[in-house]
Amino acid sequence: AGAGATSAVPQLAPPVAIAICTFLAAIKSLLQAQAVLRASGILAYSTFSLIFVVEVAKLLLSLGLAASLEQRSWPTRREQLLYAIPGALYTFDNNLVFIILRYLDAASLAVLWNVKIVFTALGLRLLVGRRLLASQWLALGVLTLGVTVSHVDRLWVVVYGCSTDACSTPRDMTYAIGAAMTLVATAVVSIANVVEEKLLKDRLETPLYCQNVVLYAWGVFFNVASMLIDARSQENVNPFKGFDGWAFSVIATQAISGIVISATFKHVSNIAALYAHAMSMIIIAVFTPSTTNVPFVLGMALVVSSLFGFYHLELRAALRALLERSSGSVSSAFTGPKRRGRAYTQAEHEEK
């Protein structure tokens with residue numbers, strides 16, 4: 001029954017998954033940054049309430065998709081309890097992102113967030129036992145170098161600490177705080193991503209939508225707790241006061257992004273989703289040209305080369321298959337009875 005149900009879930013090819021996740025990651029980061037910018041760093045609504053509504057939207061969307069399946073199966077009770085681990089970690093990370101955006105611009109956050117790829121690769125190796133090729137580790141090293149080059153004028157503040165002259169200005173202090181919080185957030189979300197991918201792939205026969213129902217139910221539970229704690233500390237008794245069009249746009253993009261990323265985790269890989277986030281900085285830079293400079297462009301070039309280096313075997317196989325199909329189509333289009341006859345005669349001659 002489970003196998004029949006999973007067939008209703010579309011299988012994502014790596015290029016398609018990366019392209020979709022890249023677009024959604026860029027839109028999500030830009031909308032979050034715009035919401036903070038329009039509020040002058042102080043949002044009129046509670047971010048705890050916003051994330052709660054996002055989780056509710058994900059849960060309702062997953063319930064609707066699960067209900068559309070002809071056959072459904074669910075994780076075991078033990079597995080349902082394990083889904084609480086990524087649920088709790090995502091709750092912490094999602095709320096921390098809004099705080100980070102008070103210290104970093106969207107392009108800087110997108111670049112620094114790519115450190116998550118290294119953390120995730122280590123997590124896959126240590127927690128799941130997945131091995132990477134030497135060329136793939138080299139590609140991840142190039143990615144790290146690209147992140148460093150992109151913001152070399154700021155990142156050295158984090159490396160050397162605030163005792164240097166670079167920490168004398170408020171802007172550098174602000175960036176150092178934001179960068180430090182980003183490192184914490186990337187480590188937390190990397191663990192959550194690895195655990196989620198393991199849970200999703202350990203039961204491939206279970207429909208993704210049913211697994212998402214369990215995951216997002218935990219997300220709603222933890223976010224209710226955090227929202228209530230935040231509401232008690234605020235004078236405003238209405239936790240949803242101040243929601244505007246920007247807030248609902250963030251909710252919509254995050255809900256859709258969550259569904260697509262979980263599909264990428266199950267049917268492709270964690271690394272593919274993270275590379276998509278790395279590529280999103282190109283789109284973000286187009287809309288925030290003030291953050292673009294020569295080191296940033298060089299860093300983006302290294303990130304793109306890292307992407308091709310990590311997936312060079314898959315890309316080579318896909319290109320070979322494409323060329324074979326193209327050559328086969330061309331030859332069949334121009335091959336008539338006379339050409340087939342010569343080919344057959346040549347084959348007979350070789351047999352003789």
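The values are calculated or read from the model by the stated rules, or taken from the named source; none is laboratory data. What you see is a predicted model, and the numbers here were worked out from it, not measured in a lab. Note that each Cβ is placed from the backbone with ideal geometry, even for glycine, and that neighbours are counted across all protein chains shown. Ligands, DNA and RNA are excluded from the accessible area calculation, which covers all protein heavy atoms including side chains. Shrake-Rupley method; radii C 1.70, N 1.55, O 1.52, S 1.80 Å.
Tabulated results
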| item | result |
| --- | --- |
| Check on Gly87, among the small types (Gly, Ala, Ser), surrounded by fewer than 16 Cβ atoms within 10 Å (Cβ to Cβ) and assigned to a helix (DSSP H, G or I) | no |
| Residues (among the hydrophobic types (A, V, I, L, M, F, W, C) and farther than 12 Å from Thr22 by Cα) located in region 255-277 | Ala255, Ile256, Ile259, Ala263, Phe265, Val268, Ile271 |
| Residues of region 294-310 satisfying the condition of being in contact (Cβ under 8 Å) with a residue 60 or more places away in the chain and under 17 Å from Val149 (Cα atoms) | Pro295, Phe296, Leu298, Gly299, Met300, Ala301, Leu302, Val303, Ser305, Ser306, Leu307 |
| Tabulated pairs, region 194-222, first in contact (Cβ under 8 Å) with a residue 24 or more places away in the chain, second crowded, with 23+ Cβ neighbours inside 10 Å and of a type in the set (Val, Ile, Thr), C-beta under 8 angstrom, 6+ apart or interchain | Val194/Thr120; Gly219/Thr91; Phe222/Thr91 |
| Residue ID - most open to solvent (accessible area, probe 1.4 Å), chosen from residues in region 91-149 that are more than 24 Å from Leu315 (Cα to Cα) and part of a loop (DSSP other than H, G, I, E, B) | Arg102 |
| Residues being crowded, with 24+ Cβ neighbours inside 10 Å and at pLDDT 90 or above - total across region 214-223 | 3 |
| Filter result (open to solvent by less than 10 Å² (accessible area, probe 1.4 Å) and out of contact with any Gly (no Cβ under 9 Å at 6 or more places or on another chain)) within region 274-284 | Leu274, Tyr275, Ala276, Ser280, Ile284 |
